[in-house]
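Read through the structure below, which is laid out as structure tokens, and then see the notes.
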Amino acid sequence: MRGMGGPWRSVGGMGRSFGLQRHMDSEDLPRVPLSKAQLRRVTRYFTPYWLQWIAIIVCIAATSGLGVLPPLVVRGILDDAIPDENARLLQLLVGALVAITIVSGLIGVLQSWLSTKVGQGIMFDLRNHLYRHLQRQSLGFYTTERAGEIVSRINNDVGAVQHVATSMVVSIVSNILTLVATLIVIFTLNPWLALLAVAVVPTFYLPTRIVGRIRHRLSRQTQEQYAEMVAFMEERLNIGGMLLSKIFGQTTADADDFRQRNRGVADLNVRQAMAGRWLFMSLSVFSVAGPALIYLYGGYQAIRGDLSIGTLIAFVAYLTNLYRPMGQLANVYVDLQGALAIFERIFDYLDRTPDVEDKPDAVALEQVRGDIRLENVSFSYPRSPYAAIVNGDTPTPKPRPALEEITFEIGAGERVALVGPSGAGKTTITYLLPRFYDPTEGRILLDGHDLREIKQESLRAHFGVVTQDTFLFHTTVRENLLYARPEATDEEMFSAARSANIHDFISGLPEGYETVVGERGFRLSGGEKQRLAMARALLKDPRILILDEATSHLDATSEHLIQEALEVLLKGRTSVIIAHRLSTILTADKIVVLDSGRVVQVGSHAELLAQEGLYAELFDRQFGDALSQAGR
Ligand code: ATP
């Protein structure tokens, strides 16, 4: 990128370490012609506010109409009141000048109130639309997109749209109206002088087009780089990223990386501002040339007595009314191109159809037994768009599917343990059951219904998920628990917490259930977070439970508390557990052994142990020593 202070085109803040190259030369960026389809799409957001728009246009028409009066009043003062020595007329005209300014000022206030409200309204709608749309995206979207990038588009890009709504539209309308009114008046006053004034107009066009293109390109680049900078900050300036940065001694390198990104954004902003300046400069040359010509030609006419001094002065005053709107209109075209580039980035998100969607005839399941059946399920993760960036033109080998032809059953109320080496596909199965992804092939049935025939919300209402890495919001314990079921009573909440063996701990906190848990629950220990997650799941009381047991070893007391909580949680539910604890494996009704995305064994612990196979091998490796020490 030119003028960027070095080639830092890395993605994910990893340029320094992993060398991911992102080629974003300005030439690669698509030009945005002001296509009708696109304008129509943009205007769709404006139409709900048509009533306000009419009021705004009325206000603008009134101020534009009032705007052409002062030069006429001045002409009256110079040509009539003063030569006729008419003091009464003089007072009247001067009073009119003052009144016009006050009235148009008041209308201006009303108009800016209206347009700000409309602008904020459009932004409100767009943000909501985008948020709802992003919520519908499958997990695939969030594993490939960077969090900061998403926030930046909602925040920064949508924010930029407000400028279009308020200043740009208002500027277009008001400038056109002022221009028309001025043209009518000057052609009525003196057609030849008016023609002369208008003659310089076509020369506005060329610089406008050139600057328009540059501005558009810079605007898109700025938004992209800004998004990268925000994404970088989001990753680094949170507890997880900061821990990593400090532990690996990368704080200075990160600061340098940030400085470069920051510099990139700053440089681009300067270039963008300067691109506009050149336009203003060229326009200001014309705004001097105009009055000069008028004084020259009008002056000769005045000397010959064909033109009054008042008309000449009024004419020059009208030139400002002519050139200023023209300059601003030229600028609006430039801004419009920039704004369209931003709209494009928003539409890019809105155009992504979610991988997982409800069918129009999807059914809602009120009650479920919890019978699950996987039939020939294969699944490959969607490929990340960054893969192309990392590898450039080199085609990447197709990764093996995460799951291949998986078939097994989980009876209602059964406890099924998933076992297998790392990367075998255990977590992937737990993603497919609540339909975070759809199988690439095969199908999954819940009580005989294909998951794709069930409304997602009604499906997930029956699932509870407790993962290893408990996610908590930065809010109170109470709010975190009630997230599972906002309408739950205090008694229900306490009871869930008691069953999860966490009530006493919470009650012992300085502010009890009102204690804020800290960013992602960093103020709680691993065991406490797990029990909180169990209480949250208990409160939801789902028919089917997915549990990813923590691999980390806890002390005996904590382990015991969790074990007890787990028994309550699993009781009477269909449960699928990624098992790491011996007790879970021993009490499972069925164990499904996975290896490289395939089911290699299914059976009870005793059955599987009796067979020579992966299970016996894994079991021996993981628990053999402990059991022989305990005198198995
Ligand atoms: P572990 O016990 O280590 O958690 P697992 O058995 O749960 O492993 P999965 O997480 O299901 O394994 O992963 C199965 C395969 O899918 C692995 O090869 C993994 O690299 C791949 N994989 C997992 N998540 C993604 C993703 N979001 N995009 C692409 N591939 C993925």
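Laboratory data are not the source of any read-out in this text; all were calculated from the coordinates shown. The structure presented is a predicted model; accordingly, all values stated were derived computationally and were not measured. As a convention, Cβ positions derive from the backbone with ideal geometry for all residues, glycine included, and neighbour counts pool all protein chains shown.
A few comments on the model shown:
- The amide H of Val356, built 1.01 Å from its N in the peptide plane, has Ser138 as neighbours under 5 Å, considering only residues 5 or more places off or on other chains.
- Cα long-axis angle, helix 490-499 against the chain (0 to 90 degrees, to the nearest 10): 40
- The largest-to-smallest principal axis extents of the Cα set in the range 89-144 are 76, 15, 8 Å.
- Cα-based shape type of the range 54-178, given that a ≥ b ≥ c are square roots of the gyration tensor eigenvalues and the cut on a/c is 1.5: prolate
- The length gained on full extension between Glu511 and Asp79, counted as 0.36 nm times the residue separation minus their Cα-Cα distance, comes to 147.4 nm.
- 27 Å Cα-Cα reach of Lys359 towards lysines, excluding residues that sit fewer than 8 places from it in its own chain: Lys455, Lys540
- Relative to the current alpha-carbon distance between Gln250 and Leu110, full extension at 0.36 nm per residue lengthens the span by 45.1 nm.
- From most to least packed by mean Cβ count within 10 Å, the peptides 398-405, 230-237 give 230-237, 398-405.
- Burial ranking of peptide ranges 499-512, 125-138, 455-468, 244-257 (average Cβ count within 10 Å, highest at the top): 455-468, 499-512, 125-138, 244-257
- Pairwise centroid distance, computed over Cα atoms, of the range 461-493 with the range 558-596, Å: 21
- Separation in nanometres of the label points that stand 7 Å from Cα toward Cβ, at Met274 and Glu559: 6.7
- Highest-first arrangement of 361-372, 318-329, where packing means the average Cβ count within 10 Å: 318-329, 361-372
- Whole-number percent relative contact order across the range 424-499, with pairs defined as alpha carbons under 8 Å at least 6 apart: 15
- The mean sequence separation of alpha-carbon pairs under 8 Å and at least six residues apart, normalised by the residue count of the chain, gives a relative contact order of 15 percent.
- Approximating the spin labels as points 7 Å out from Cα along Cα→Cβ, the Leu293-to-Asn238 distance works out to 6.0 nm.
- The phi-based Karplus calculation (6.51 cos²θ - 1.76 cosθ + 1.60; θ = phi - 60°) puts the 3J(HN,Hα) values of the range 70-86 at x, x, 5, 5, 4, 4, x, 5, 6, 8, 10, 4, 6, x, 7, 6, 9 Hz, whole numbers, x for Gly and Pro.
- Given +1 at the Cβ of Lys and Arg, -1 at the Cβ of Asp and Glu and no other charges, the dipole of the chain around its Cα centre is 2200 debye to the nearest 20.
- Anisotropy class of the range 132-198 from Cα gyration tensor, a/c 1.5 cut: prolate
- Helix axis angle, 526-540 relative to the chain longest principal axis, alpha carbon, degrees: 80
- Label-point separation, Ile184 to Glu441 (7 Å along Cα→Cβ), nm: 7.3
- Percent of beta bridges antiparallel (DSSP, the chain, rounded to nearest 5): 50
- Global geometry of the chain, whether rounded, prolate or oblate, following the gyration tensor of its Cα atoms and the 1.5 cut on a/c: prolate
- Taking the longest Cα principal axis of the chain as reference, the axis of helix 309-350 is set at about 10 degrees.
- Mean ellipticity per residue at 222 nm, deg cm²/dmol - from DSSP H runs of n ≥ 4 across the chain, formula -39500 (n - 2.57): -19000 deg cm²/dmol
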